[in-house]
Each structure stands twice: as structure tokens, then as C-alpha cells.
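A quick write-up on the structure given underneath.
Rule-based calculations on the coordinates, nothing more; no lab input. Remember, predicted model here, so these are calculated numbers, not experimental data. Glycine also receives a Cβ, built like all others from the backbone with ideal geometry; neighbour counts cover every protein chain displayed.
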Amino acid sequence: MRGTKDMHSIRRPLRPFARIIQTLVGAFLFTDVSAAPVWADAMARMTAPKLQEVRESIEKHKQSREAVSLKTPFEETKAILHCHSKWSHDSRSTIEEILKGAHANGVRVIMFTEHPADHYDFIVDGHQGIREGVLLIPGAELKGMLAYPLKSIKGMDFSSPQEQSDMIKRTGGLAFYCHLEERMDWQVAGIAGTEIYNVHADAKEESRLFLGLVNPLFWLQLRPLVDKYPQEVFSALQDYPKDYLRRYDELCQMFPHTGVAGNDSHHNIGIRIIRGEKDLILLEDIIGQKVAELSIGKLPFLAALAGKSKTGDVILQVDLDPYERAFQHVTTHLLLDEFSREGVWRALEAGRAFVGFDWITDTTGYVFQAETDKPIGVVGSKLPFTAGMKLRSFAPLEAKHRLIRNGQVFGEKTGRDVSFEIAEPGVYRAEVWVQVADEERIWILTNPIYIKGDDTQP
Ligand SMILES: [Zn+2]
């Protein structure tokens with residue numbers, strides 16, 4: 001979930017989900033949630049009619065999806081970066097459960113990011129190797145980075161982000177910024193890249209949603225929606241990560257940074273409402289940590305919820321983020337020259353990756369490439385500028401393609417297969433947008449293609 005705020009708040013225990021919402025309990029008890037202004041946020045999307053519209057819209061997209069006829073020399077593979085298992089203090093999930101989520105979504109690479117702790121070494125003990133056809137790579141969420149060293153760094157202390165990244169690199173490893181919203185000013189030479197989307201950062205912006213999480217009535221209302229529209233409810237939190245991308249565009253103009261999705265999956269968001277002793281109602285998160293203790297005497301509306309329950313009875317349980325759903329929401333698509341750890345490294349080092357919000361419709365097959373009269377480079381390529389160069393964006397759906405140059409919108413076209421002629425060097429990345437019910441949603445975010453001029457362009 002959250003990382004420590006910066007490198008200087010060393011070893012502060014990470015705040016589990018339970019504690020974030022615990023701090024909101026007081027706020028809830030004195031706030032009329034229904035009187036909150038209606039913002040265009042996750043809560044507004046979480047009504048039965050809206051979710052039904054989203055469901056129907058996505059069904060239509062899935063029917064009109066067509067395979068992209070353009071092929072690259074690479075093998076496309078869905079990867080999850082930023083994933084926690086029970087090695088982390090804030091997850092209870094087994095590898096079997098996580099693999100089930102991977103199989104349900106065609107994910108073939110999982111790069112773990114456990115919270116380090118004294119009782120284990122994430123590189124030695126962490127999940128690794130190929131299991132059931134899925135390549136598992138151990139790593140940690142370490143002081144603001146997704147850290148993937150190739151040798152143990154247990155017990156090492158780093159005085160700065162630069163030192164940490166350098167050490168990871170020295171082992172042959174890769175590091176990425178995570179939770180970019182907490183480190184917009186970081187500049188680490190030689191870092192592999194950054195998250196350009198993070199599920200929890202997205203959720204954190206949903207203030208009304210977080211207010212609802214401590215309200216038993218909210219869960220009571222949410223339960224049937226989660227049962228009927230599990231993915232639509234989860235993915236209601238998706239917004240365009242504009243602050244992340246603004247920073248990402250700046251970073252890529254300094255030197256190439258590989259952009260990846262931070263799934264930040266733990267399977268720990270949800271609630272269990274339990275009848276306590278006497279007139280108490282207990283709220284726990286789904287890893288069993290206490291969130292709130294409410295008294296029916298003080299809050300009579302809870303009586304209906306409690307019904308005839310006895311001490312210890314589970315009155316209600318709602319599970320929001322099993323891996324299957326979290327992986328369907330978004331994946332990082334890698335273009336591999338070989339299905340191996342080394343192949344994954346080469347793709348991540350070269351920026352041969354795009355982020356796909358596959359819950360809308362599978363983005364597999366999407367191509368962003370540079371062409372003259374023939375293809376000259378896939379996503380991530382660094383190419384010299386030549387006259388007549390084009391950048392082509394070819395998606396499995398009719399969509400709106402937006403080409404961004406050095407952080408500015410360069411052009412916008414609608415279609416499945418569009419090309420933009422470019423007249424000057426720059427850092428170019430593509431965004432693909434689709435209409436989902438009454439909203440335009442971001443569907444694909446690519447890494448840049450870097451077109452160099454004669455002199456000092458990156
Ligand atoms: Zn995390």
C-alpha cells in the first residue's frame with residue numbers, strides 16, 4: 001500500500017489500510033455522508049444503473065474487438081509489477097491464490113514487491129522461478145522504489161535514493177519509483193523508470209469513498225453491487241493519472257524512464273462486520289485488523305444491521321480486491337525477445353512496454369511504432385530523426401489516439417489504425433481513449449519513442 005514518505009523517515013512502519021480508515025472513523029461519526037457534494041468520482045460511478053451502463057458498454061467493446069494485424073518481432077506478455085503476498089505484513093495471500101489471479105487474466109510475469117522485514121530476505125525467500133507457466137521475480141517495495149536487485153541487499157542501509165538505486169543496479173537489478181505522488185521532486189540518475197499509474201494512489205483521491213469505508217451502511221449497500229458488478233466496482237476508481245504523467249513527461253525529457261503500472265495488489269481491501277460483546281459491532285478489514293468498534297446504544301441505526309446476531313457472528317463480509325480483479329484492472333504489457341528473467345530485464349531497460357487498462361477490453365496486440373516506408377522501431381526505441389517519419393498507433397478497438405510530444409498534445413485522431421507525421425525530434429508517447437458509458441476513459445498509456453536530433457536530445 002503506502003510507502004514511507006521519503007528516505008529520511010527511515011523504518012517507520014508502513015501504514016496498513018486498516019489504520020488509514022481508522023483515522024476516518026471520527027470523521028464519519030460526525031458527518032452526514034449523504035450530504036457530501038456529488039463529485040465525478042468513484043462514488044458517483046457506484047450506483048446500480050451506472051454500473052449496468054458500464055457493463056453494457058464494455059460488452060459492446062469486447063464484441064467489436066479485432067486482433068491487430070500488425071506484428072512486431074517481439075512476444076507480448078502481460079506483467080504485474082508491484083504485487084504483495086503474505087511475506088508482506090499487510091497481505092495474507094498465498095502464491096496459489098496469486099497464480100489463480102494470473103491465470104484468469106493471461107498474466108505470465110509477476111514481479112513481487114514485498115515490504116521488507118527482519119524475519120526474511122525478499123531475494124532469498126521471495127517467490128521466484130517459473131511456476132505453472134508464470135515467471136515469478138522477487139523484489140521489494142523499498143523506500144519509495146520498486147526494487148529488484150539480483151543479489152541480496154538485506155541489512156544494507158542507504159543514505160539517499162541515489163545510493164539505493166546505484167546499489168540495486170550494481171547487482172544487475174532494476175529500480176523504479178513507486179507512489180510517484182510522494183516523490184515528485186526525486187531525480188535519480190540511472191533509475192530504470194517509474195510507475196505511471198498506481199491503484200492505491202488513484203483510490204486515495206477518492207475522498208468520499210474513504211469516508212464510506214467506515215460506515216457499515218455503506219458496506220451493506222455496496223455488497224449487492226460487488227456481487228453483481230465485481231470488476232466494475234473495483235475499476236470505478238480509475239481516473240486519468242494526470243499528475244503522474246506530467247512528472248513522467250519531465251523525467252523522460254531528462255533521460256529515458258520506463259513507465260509501468262503499479263497494481264499494488266495485496267488482497268486486503270474489504271470489510272468484515274462482526275457482532276461483538278454486548279451491544280458492540282466490530283469492523284475488521286479482511287486481513288483481520290480492527291477498523292472500528294461501534295455501539296448500537298450510541299448509533300441506533302445499527303440495530304437493524306445487527307438483527308438477531310450473536311457474539312462472534314459475521315454479519316457481513318465484502319471483499320473488494322481479490323487478485324483476479326486487481327490484475328484485470330490494469331497490466332504492464334512487455335515486448336519480450338525471450339520469455340525469461342533476462343528477457344524481462346531487456347524489455348524493461350529498453351522501455352518496450354505499455355500500460356493497458358484491460359478491464360475495459362484486453363489491450364493485447366496494440367502497437368505503437370515508428371515508420372518511414374517500413375517499420376523502424378517499436379515502443380521505447382531511440383531513433384535519429386529523419387524526414388517523413390511517422391508514428392503509428394494501432395489498437396484492437398476504434399478509439400481516440402492522442403500523441404504527446406514533450407508533455408504537450410501533438411495531435412489527436414480517431415480510428416483503429418492511425419499515423420501521425422512528425423516534423424521534429426522529441427519524446428513522443430501515445431494515449432488511447434475509449435468511451436465507456438457516458439465517460440471517456442484512458443485505455444492505453446505507452447512508453448515514449450525517443451526521436452533524437454543532431455545534438456543533445458535524450
Ligand atoms: Zn505496495
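Quick one: which residues, 5 or more positions from residue 276 or on another chain, have an amide H under 5 Å from its amide H? H modelled 1.01 Å from N in the peptide plane, none for Pro or chain starts.
Counting only residues 5 or more places away or on other chains, the set is 281, 282, 312.
May I ask you to derive the FRET efficiency for residue 130 and residue 154 from their Cβ-Cβ distance with R0 = 25 Å, giving the value to the nearest 0.05?
0.55
Find the centroid of the Cα atoms in the range 403-458 and in the range 73-123, then give the distance between the two in whole Å.
Here the two parts' Cα centres lie 31 Å apart.
Counting helices only, and only those DSSP H runs with n ≥ 4, report the 222 nm mean residue ellipticity of the chain as the sum of -39,500 (n - 2.57) divided by its residues, in deg cm²/dmol to the nearest 500.
-7000 deg cm²/dmol
Short version: ³J(HN,Hα) in whole Hz for each residue of the range 412-423, in order, from phi by Karplus 6.51 cos²θ - 1.76 cosθ + 1.60 (θ = phi - 60°), x for Gly and Pro, what are they?
Going residue by residue, I get 9, 9, 10, x, 8, 10, 10, 10, 10, 7, 10, 10 Hz, with x marking Gly and Pro.
What order do you get for 246-252, 275-281 when each peptide is scored by the mean count of other beta carbon atoms within 10 Å, highest first?
246-252, 275-281
How much net charge surrounds residue 408 when only other residues with a Cβ under 14 Å from its Cβ are counted (Lys, Arg +1; Asp, Glu -1)?
Combined, the nearby Lys, Arg, Asp and Glu give 0.
Take the Cα atoms of the range 270-319, find their three principal axes, and give me the spread along each one in whole Å, biggest first.
27, 18, 17
Of 242/400; 100/228; 86/278; 143/242; 71/413, which sit over 26 Å apart, Cα to Cα?
Result: 86/278 exceed 26 Å.
Hey, if you put +1 on the Cβ of every Lys and Arg and -1 on every Asp and Glu Cβ in the range 376-452, which of 450, 428, 391 ends up farthest toward the positive end of that dipole?
Result: 450, furthest along the dipole toward the positive end.
Sort the range 318-457 into rounded, prolate or oblate with this rule: let a ≥ b ≥ c be the square roots of the eigenvalues of the Cα gyration tensor; rounded if a/c is under 1.5, and if a/c is not under 1.5, prolate when a/b is larger than b/c, oblate otherwise.
Numbers: a/c = 2.22, a/b = 1.39, b/c = 1.60.
Judged from the Cα gyration tensor, the range 318-457 comes out oblate (a/c at least 1.5, b/c at or above a/b).
Sort 71-78, 329-336 by the packing proxy (mean of other Cβ within 10 Å over each peptide's residues), most packed first.
By packing density, highest mean first, the sequence is 329-336, 71-78.
At a 10 Å Cβ-Cβ cut-off, how would you order 265, 64, 85, fewest neighbours first?
Result, fewest neighbours first: 64, 85, 265.
Can you tell me the FRET efficiency between residue 301 and residue 278 if r is taken as the Cβ-Cβ distance and R0 is 22 Å, rounded to the nearest 0.05?
Numbers: r = 18 Å, r/R0 = 0.80.
It comes out at approximately 0.80.
What is the extension gain from residue 414 to residue 452, computed as 0.36 nm multiplied by their sequence separation minus the C-alpha to C-alpha distance, in nm to one decimal? Display every interim value, and only then the final one.
Working: separation 38, 0.36 × 38 = 13.68 nm, distance 2.71 nm.
Full-extension gain reported as 11.0 nm.
Which one, 167, 47, 331, is farthest towards the positive end of the dipole of the chain when Lys and Arg carry +1 and Asp and Glu -1 on their Cβ?
Going by the charge dipole, the pick is 47.
Tell me, what is a quarter of the convex hull surface for the C-alpha atoms of the chain, in nm² with one decimal?
If I average the Cα hull's projected area over directions, I get 22.4 nm².
Farthest toward the dipole's positive end in the chain, which of 230, 315, 139, given Cβ charges of +1 (Lys, Arg) and -1 (Asp, Glu) about the Cα centre?
Going by the Cα projections, it comes out as 315.
Quick one: which residues, 5+ away or cross-chain, put their amide H under 5 Å from the amide H of residue 76? H built at 1.01 Å from N.
336
Which of the aspartates and glutamates could a cross-linker span from residue 169 if the Cα-Cα distance has to be under 12 Å and same-chain partners fewer than 8 positions apart are dropped?
349
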